[in-house]
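Peer 1: Mind looking over this structure? Questions follow.
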Amino acid sequence: MNNRHHSFEAVASATGDPFLLTPGPLTTSETVKQAMLHDYGSRDNYFIDLNEGVLNRLVKIVDGQSTHVAVPLQGSGTFVVEAMIGCFVPRDGKLLICVNGAYGHRIAKMCEYYDRSYVIQESNEETPVDIQELDRILSEDDSITHVATVYCETTSGILNPLKAISEIVKRHHRGFLIDAMSAFGALPLSSKDVYFDAVVASSNKCLEGAPGMGFCIAREAALENTEGNSMSLSLDLYDQWVAMKKNRQWRFTPPTHVLLAFDQALNEFDDEGGVPGRGGRYQRNCDLLVKGMREMGFRTLLSDELQAPIIITFHMPKDERFEFSSFYDQLRELGYVIYPGKLTIADSFRIGCIGRLGTEQMNGALSAVRFSLDQLGIKERIS
Ligand SMILES: *Cc1c(COP(=O)(O)O)cnc(C)c1O
C-alpha cells in the first residue's frame, strides 16, 4: 500500500537549484540573484546611495527612524553577534545570557574569547526563557550591566518572549542585546514595543538576500557610549559607524554584490507587505509542514504555542531502518535540502520554512518525505 508512487519527479528552483529548507543559507529569488550581476567600486555614487538606502530601510523595519541607526558588517551572522557583544558590553561590564540553545551558548563562548564576565540563565531547549527567574537574577546581581537574548532560538525553533524580557531588563535599567538573526523581518520587532540597545541580524535569513553581511541596529544613544570597548578592529561597530557617518563608506572592502542583492531583497520584502506579509507566508508554510508531517506520524519537539514559524524540529522516527543521512540524500536528490538536528536533549532533524518558499514547495517537500520513507522502507514513523 505504500508503493503508490513508483517514481517521483525531482524539482528545482528557477535557477535549477534544490530548495533549501534549512536555517541558512536560504533559497533566494531569481531576481535577487540577478541583482548581483554588476561590479561597483566602493566609491561609486550609485553604490554609496544604495548602501545608505539599505541601512535606512533596515532602521525603518524596527520603527527606529530618528532614534536608531544601522551599522553593517561583513561576514556571516556570527560575526555581527560577536561584534555586538564585544562592542556593547564594556570591558568591566557583565553580561547575563538567557540560554536555551546553541546560539545562546555561542554568545557565552564569545565572552570567553573577549574576557568579558558573564552569567548564564539556562532553560532546556524546549522551554522559553523564564521571566520570573530573569527578574530574580537581575534583582540579586547589581553587577550585571547587560542582558543578551536570542529571539527565535534556531537550535529548536523556539520563540522567546522578547517583549516581556525587554520590559524586565528595562525596569532594572540594564542594556538589552538581541540576536534576532532568524526572526528579523518575519516576527514583530518594533523599537516602540521592545526597548533595546542593539539587535543583530543578517542579509540572508528572513530578509531573503544573499549571505555575506550582517547588521546591527542600535539605539544611537547607546552606540555613542561604546567607543573603545571593542577588542577587535574589524568587528568594531562603533568605528564602522563613525567612519560611515563621516564619508558614507565602509571602512574595508564592502560586499558590493551582497548589497545589490540586499536592496532588491528589500524591494521584494516591501512588495510582500513587510513583516506581516513575510511572517504570514512563513506561518502558512509552517502550518502546512507541521500538519503534513504529523499526518505521517512525525512528532514535533515543540507545542504549537512555542513554535516560531522559522524552522521546525522533528523527533527521529523510532524505526531502526531510519537513518538520517540516507533520508537526507534521498530528499536532496528530489530537490529538497533539510537539516540535521542540533539538540542535546533528543535525536532530531529540522525542516525550515523560511526563504523564498511557499505552499508549492511545502506540499512538494511533504510528498518527497512520504516518497523517501517508502523508498527506505520505513513503516513505523511514530517518533
Ligand atoms: C543563523 C543564526 C546565527 C548566525 O549564524 P551564521 O552561521 O554565522 O550566519 C546566529 N544566531 C541565530 C539565532 C541564528 O539563527
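The values are calculated or read from the model by the stated rules, or taken from the named source; none is laboratory data. Every value quoted in this text rests on a predicted model; they were computed, and no experiment measured them. Glycine also receives a Cβ, built like all others from the backbone with ideal geometry; neighbour counts cover every protein chain displayed.
Peer 1: Test residue 80 against the criterion of being buried (at least 17 other Cβ atoms within 10 Å of the Cβ), modelled with pLDDT of 95 or more and either within 16 Å of the ligand (Cβ to nearest atom) or under 16 Å from residue 149 (Cβ atoms) (or both), and give yes or no.
Peer 2: Details: buried (at least 17 other Cβ atoms within 10 Å of the Cβ): yes; modelled with pLDDT of 95 or more: yes; either within 16 Å of the ligand (Cβ to nearest atom) or under 16 Å from residue 149 (Cβ atoms) (or both): yes.
Judged against the criteria, residue 80 is a match.
Peer 1: Which residues, taken from the stretch 226-249, are surrounded by 13 or more Cβ atoms within 10 Å (Cβ to Cβ) and in contact with a strand residue (DSSP E or B) (Cβ under 9 Å, 6 or more places away or on another chain)?
Peer 2: 226, 234, 235, 237, 238, 240, 241, 244
Peer 1: For the stretch 35-57, check the following and say yes or no: at least one residue is charged (D, E, K, R), touching a strand residue (DSSP E or B) at 6+ places or on another chain (Cβ under 9 Å) and surrounded by fewer than 22 Cβ atoms within 10 Å (Cβ to Cβ).
Peer 2: Of all residues in the stretch 35-57, those charged (D, E, K, R) come to 39, 43-44, 49, 52, 57.
Narrowing further to those that are touching a strand residue (DSSP E or B) at 6+ places or on another chain (Cβ under 9 Å): 57.
Among the residues that remain, those that are also surrounded by fewer than 22 Cβ atoms within 10 Å (Cβ to Cβ) are: 57.
Within the stretch 35-57, one or more residues are charged (D, E, K, R), touching a strand residue (DSSP E or B) at 6+ places or on another chain (Cβ under 9 Å) and surrounded by fewer than 22 Cβ atoms within 10 Å (Cβ to Cβ).
Peer 1: Checking the conditions here, which among 128, 90 is within 16 Å of the ligand (Cβ to nearest atom) and farther than 24 Å from residue 25 by Cα?
Peer 2: Numbers: 90 fails: within 16 Å of the ligand (Cβ to nearest atom).
It is 128.
Peer 1: Here is a follow-up. For the stretch 230-322, which fully contained helices (runs of 4 or more DSSP H) count at least 3 residues that are closer than 26 Å to residue 60 by Cα and over 24 Å from the mean Cα position of the chain (by Cα)? Give the steps one after another, and end with the answer.
Peer 2: Values: elements: 237-247, 256-271, 274-295.
Because the criterion is at least 3 residues that are closer than 26 Å to residue 60 by Cα and over 24 Å from the mean Cα position of the chain (by Cα), the helices (runs of 4 or more DSSP H) in the stretch 230-322 that meet it are 237-247.
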